[in-house]
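The values are calculated or read from the model by the stated rules, or taken from the named source; none is laboratory data. All figures in this text were calculated on a predicted structure; none of them were measured in a lab. As a convention, Cβ positions derive from the backbone with ideal geometry for all residues, glycine included, and neighbour counts pool all protein chains shown.
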Amino acid sequence: MANRVTNSNPPQAKNAWPLIGHLHLLGGSQSPHKVLGTMAEKYGPIFTIKLGVHQALVVNNAELAREYLTKNDKAFVGRPKALAFELMAYNYAVFGFSPIISGKRFSLDFDEQSGFQDLGGYKKMMKKTGKQLDQILEGWLKDQKLKRSELAAQHEEGFGVEPPPRRTMAWWFMVVHMAVDAGDAQKSSEVLIFIIGVENVETVECVRGLRVKSVVDVGYKESDTKNLVYLKAVIKETLRLHPVVPLSVPHESIEDCVVGGYNIPKGTRLMVNLSKIHRDPNTWSNPHEFQPERFLTSHHHLDVKGQHFDLIPFGAGRRMCPGDTFALHEMRLTLASLIQQFELETSSNEPVDMSASFGITVSKQMPLEVLLAPRLTRDMYGLGT
């Protein structure tokens, strides 16, 4: 690794403003991970920025990510205090956002003196958003308790000329439940829906090709997913190009340390730019193109379990996302079932707008419009004759 000079400080980005640091650069129309990726072209794969009064270290390549998240993961096991996590994550009760000392979670009182003045009314908005999230989750849990007959009745009612609104979450739950429950597929009590965006007509053809390469037309079972190698490649490529969290949840150093020859003081926040790593041209040929075949040939050995740092959509180290296995399982099951039992088309031949809205997770600015048509006979969906 270059610049391994002991007892030096990482490069610091310029154009910091008093009080707010570099926040003005991250609050524009461009997503923060793209802004930081552009800054990496100027300052190198590692540099620091100021987030208000706090110093943050930004890592933009796989080798450095490995060093910080595994070799020195004990030093960076902490999570920074944030008002959003206090108000919207049940006072740090959500495991992924809670600080850890010696492997144990502990609670923190938000220090009002070291916090910020609520000049823009953000605290009030976050409290309101937290209540709305509670309502959404409660409604989602109630929806999951609906009987299969009720779901089927809703679908039958809307299966004619006037279907229910395609953009409602309830409708998507209904479609996926039908797909998962059809034929001999085993039941799933709760299904996480990952709608994988299609960028152009060629991608639609690629996804349709899954039916030929992976999903046979004769009875799909949950146990079949381990043999669907092309489907797994499509999911890996989707997570590479469009990770749900393109900029890792921040870590915080709980002690002074030296990493990569740089002095890192206690309290430094660490952000790993996953999107930049996943599109590194030194690792990926045609890094901005959707090419699932790369995971059947040149990159067949890579997985997403935090062992290969060229592809870490779930993070790595002690604070890696604990739900990776469940998420991958449900993505395979859901996608395979949908492709087997429905024809999927875009509403036009125009390229799909893949612009994203940045938040705790990334979502599409423009909802993906997909036309669904059943492929199987009515009785295969458990709706009777």
Cβ pairs under 6 Å, 6+ apart, first in the stretch 234-253 and within 17 Å of HIS299 (Cβ to Cβ), second modelled with pLDDT of 90 or more and not in a loop (DSSP other than H, G, I, E, B): VAL234/PRO292; LYS236/PHE295; GLU237/PRO292; ARG240/HIS278; PRO243/LEU274
Looking only at the stretch 32-84, how many residues end up being over 23 Å from VAL258 (Cα atoms) and in contact with a Ser or Thr (Cβ under 8 Å, 6 or more places away or on another chain)? 3
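What residue, among those in the stretch 249-272 that are assigned to a strand (DSSP E or B) and not hydrophobic (A, V, I, L, M, F, W, C), is nearest to ALA316 (Cα to Cα)?
Step one: filter the stretch 249-272 for residues assigned to a strand (DSSP E or B), giving 251-252, 257-259, 262-264, 269-272.
Next, only the ones that are not hydrophobic (A, V, I, L, M, F, W, C) stay: 251-252, 262-263, 269.
Details: HIS251: 12, GLU252: 15, TYR262: 21, ASN263: 22, ARG269: 16 Å.
So the residue we want is HIS251.
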From the residues in the stretch 275-293 that are in contact (Cβ under 8 Å) with a residue 60 or more places away in the chain and outside any loop (DSSP other than H, G, I, E, B), which one is surrounded by the fewest Cβ atoms within 10 Å (Cβ to Cβ)? GLU293
Among the residues of the stretch 249-274, what is the count of those that are surrounded by fewer than 22 Cβ atoms within 10 Å (Cβ to Cβ), within 25 Å of ARG332 (Cβ to Cβ) and touching a strand residue (DSSP E or B) at 6+ places or on another chain (Cβ under 8 Å)? 0
Keeping to the stretch 1-57, report how many residues are at pLDDT 90 or above, of a type in the set (Gly, Ala, Ser) and either outside the structural domain of THR268 (by TED's automatic domain parsing) or crowded, with 18+ Cβ neighbours inside 10 Å (or both). 6
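State yes or no: is THR325 at pLDDT below 90, surrounded by 17 or more Cβ atoms within 10 Å (Cβ to Cβ) and within 17 Å of the chain's Cα centre (by Cα)?
Working: at pLDDT below 90: yes; surrounded by 17 or more Cβ atoms within 10 Å (Cβ to Cβ): no; within 17 Å of the chain's Cα centre (by Cα): yes.
So THR325 does not fit the description; no.
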